[in-house]
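Enquirer: One structure follows; several queries about it will come next.
Nothing in this text is a laboratory measurement; each read-out follows from the coordinates by a stated rule. All of these numbers come straight from a predicted model, not from anything done at the bench. Virtual Cβ from ideal backbone geometry, glycine too; neighbours counted across all protein chains shown.
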Amino acid sequence: MPLATAQGLYLAMLPPLVAEAVSPAELANQIIVYPEVGADADAVAKAIEAAVPNSATLTGAQFNEVIGSSTAIFNAIIVGVAAISLVVGGLSVINTMAMSVAERTREIGIRRAIGGSRRRIVRELVLEAGMIGLIGGLLGLVLGALVVVLANNAGRASGTVLFDLTPWTAVFAVGFSTILGMLAGIVPAWSAARLDPVTALRYE
């Protein structure tokens, strides 16, 4: 069957609204050929190009190479964005906890004066930093899920699903943000625990 005939038949099977928006030449512009078992794919590709005028072939190995390079670039971009987000998130938690410690210097001094141990102060501030990370992770998860739904709905018409948000991914993201918050809160917490009680009580 000639390609133009197949395109016309396929156009007739489409819904009227879709058929009016496209031309037959846009419906099918490639043919997938499955070589026989043991056949040389490169030789089959050259034979097709020689037999069919104005045609170009792409073997499975070439397709994997093209897709692999595109995937590698995409993964590199994703990793770069994730690394930047990691640094920015950690610095944000450190800055928030440092400001919190500065504002609560007298409170920390009182705790130390009445017998509060440094370990307890560190534990409380690290847990507070972890709560900040947990809240940030939950908010990020909600926004990320919204982006996933909108992006997948936009690509569903063309049969493309861009993202897949699994329960394991959601749990990992929230857990990772919580742990990151706790790790980022260690430095401000340790600085607060080392405050001299007398100096802290005099802090204005």
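Enquirer: Exposed loop sites here are trypsin sites (Lys or Arg not before Pro) in DSSP loop states with at most 11 other C-beta atoms within 10 Å. What is the longest stretch of the chain lacking them?
Expert: Free of exposed loop sites, the longest segment is 1-193.
Enquirer: May I pose another question? Under the definition of Cα pairs under 8 Å and six or more residues apart, what whole-number percent is the relative contact order of the chain?
Expert: For the chain, the relative contact order is 26 percent.
Enquirer: Select one label from (i) 8, 34, 37, 18, 3, 0; (ii) 8, 29, 29, 22, 10, 2, 0; (iii) 7, 19, 18, 16, 13, 10, 8, 6, 3, 0: the one whose number is P(r) over Cα pairs in 10 Å bins from 0, in percent as derived from the coordinates shown.
Expert: Label (iii) holds the value from this structure.
Enquirer: So which helices of the chain fit the span-like rule, where a helix is a whole DSSP H run, its Cα atoms reach 24 Å or more along the axis, and its mean Kyte-Doolittle is at least -0.5?
Expert: 60-103, 118-156, 167-184
Enquirer: If you don't mind, there's one more thing I want to ask. Which of the listed residues, Gly144, Leu125, Ala184, is farthest toward the dipole's positive end in segment 73-197, when Lys, Arg count +1 and Asp, Glu count -1 at the beta-carbon?
Expert: In segment 73-197, that residue is Leu125.
Enquirer: Mean residue ellipticity at 222 nm from the helices of the chain, using -39,500 (n - 2.57) per DSSP H segment of n ≥ 4 over the full residue count, to the nearest 500 deg cm²/dmol?
Expert: So the helix-based figure for the chain works out to -25000 deg cm²/dmol.
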